[in-house]
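The values are calculated or read from the model by the stated rules, or taken from the named source; none is laboratory data. Computed from a prediction, not measured in an experiment: that's the story for all the values here. Positions of Cβ are generated from backbone atoms using ideal geometry, with glycine treated the same way; all protein chains shown enter the neighbour counts.
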């Protein structure tokens, strides 16, 4: 009788063994119930994701997720929302983001009078002699302009009249110019008699704008800002920590899980390390050493890159500031500005220095990231990168970058793909700047060489997207919208500026995820949703890939997940 049931028993045992072998270790987290875009070529979307620790262990269909379910597995039901890989801010200023929330925010002022009123309100709360510092104004975005402007900028008299006892310094939205009142200029020793000497002391790359009588107007362009900035008291350790905490909170609110910090000081690196060691760093930082501190650069070249095994703080690149911005007319052009025929912008760094650092970056394993907005700056940097690459042909994977690449001569566009140089571009700049940038460059240069996303992609280049925060708000949805519509945030013009240069939605998503990860040598650990990668995700209230254009800007970040932990959830 026993023999009769043996075959059946064996089948049951075999089935049980197979079933046990198919059962995976329970995941810590399962996410399902919405649209999940992976940015993986073979499987662009999945139904569910499983996470163990800080890594993805499964991305696939609902049937396959069952074997990861366990008694203690937490489940997130997306309830129809859309999840993507964690968004990566490809070029911003992390501490600037934090300080922007502490200082006077002038991003939305619409006139000089409104700017002065904001300063007046700040003075009412300040002590006599206390510095009033702010950022974000942009004269080309004002709806009304002052009667008197010199070289396209206001003069200080109205500002000085309401602030006789408080020095004031207000940085332009671009960060490439600053506006000072009479008190600030007095403290800095800037007057009609000192301007010539101070101008010589600046060397290359700075300008103090003067009126018709030779008096300073209050506008300090590029490196001239340092004449005022050196007199502003340094921030306390407490203020620095507060700014860092505000920057992390703002990143998480906006779905940013990783941040390429474009130009970091020695002091800020120490602060980042302190927060990391205390377990308080909750945004992944990819640090570019500031080129303004040559001692810092050479110190790091000697000791080599620092690639964090915890994937929170990696230091392996150098930021060189090589020209200014279009807004301040500091971008270095091949031909004069259309609206200032006596001026073509300026380099803010010697091209010999760019050549030297480009060579040494290859020698010591550092990526070089050069700020270039004007077409001449882009050409000069590409020329020097190309020389360095030819001298060291064995080094193939350098991933040198040009930050902004905003205006490129048509002949230089194919060179990005051919040389493997990454254009780190901020699409939202097109949205904000295009309406007035045509005055700077004229129609021909705008149409042939400005914000050339699709042309650069067709050259084989990989574009890294971002916002350049605090130049623009960190909100990635605005930059995504600009990428795919080429419109202002008011939805103008219909069809977009130079619509042939739009990104597809797939290209725009990739520029904020996998391609941004590539720009930091991190595409194998982040940037897409695949087993083995970090469990960094951004959840949106609407489907970025399918909603009508006009609905993109009403999309919000619903949740931000870093390493499998929900660090932000929209109330």
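For residue 427, indicate whether it is closer than 18 Å to residue 476 by Cα and either outside the structural domain of residue 517 (by TED's automatic domain parsing) or modelled with pLDDT of 95 or more (or both). Lay out the reasoning, then the answer.
Working: closer than 18 Å to residue 476 by Cα: yes; either outside the structural domain of residue 517 (by TED's automatic domain parsing) or modelled with pLDDT of 95 or more (or both): yes.
Taking the combined requirement at face value, the residue satisfies it.
Restricting attention to the stretch 496-513 and to residues that are assigned to a loop (DSSP other than H, G, I, E, B) and touching a strand residue (DSSP E or B) at 6+ places or on another chain (Cβ under 7 Å), the residue that is surrounded by the most Cβ atoms within 10 Å (Cβ to Cβ) turns out to be 512.
Quick check: anything in the stretch 168-181 out of contact with any strand residue (DSSP E or B) (no Cβ under 7 Å at 6 or more places or on another chain), in contact (Cβ under 8 Å) with a residue 24 or more places away in the chain and within 19 Å of residue 228 (Cα to Cα)? Yes - at least one qualifying residue is present in the stretch 168-181.
Could you tell me whether any residue of the stretch 475-490 is more than 20 Å from the chain's Cα centre (by Cα), surrounded by fewer than 21 Cβ atoms within 10 Å (Cβ to Cβ) and more than 26 Å from residue 64 (Cα to Cα)? Yes, because at least one residue in the stretch 475-490 is more than 20 Å from the chain's Cα centre (by Cα), surrounded by fewer than 21 Cβ atoms within 10 Å (Cβ to Cβ) and more than 26 Å from residue 64 (Cα to Cα).
Quick check, is residue 232 in contact (Cβ under 8 Å) with a residue 12 or more places away in the chain, surrounded by fewer than 23 Cβ atoms within 10 Å (Cβ to Cβ) and farther than 23 Å from residue 150 by Cβ? Walk me through how you get there before you give the answer.
Numbers: in contact (Cβ under 8 Å) with a residue 12 or more places away in the chain: yes; surrounded by fewer than 23 Cβ atoms within 10 Å (Cβ to Cβ): yes; farther than 23 Å from residue 150 by Cβ: yes.
Yes; evaluated as a whole, the condition is true for this residue.
The residues on offer are 301, 289, 326, and the sole one that is closer than 18 Å to residue 399 by Cα, buried (at least 24 other Cβ atoms within 10 Å of the Cβ) and in contact (Cβ under 8 Å) with a residue 12 or more places away in the chain is 289.
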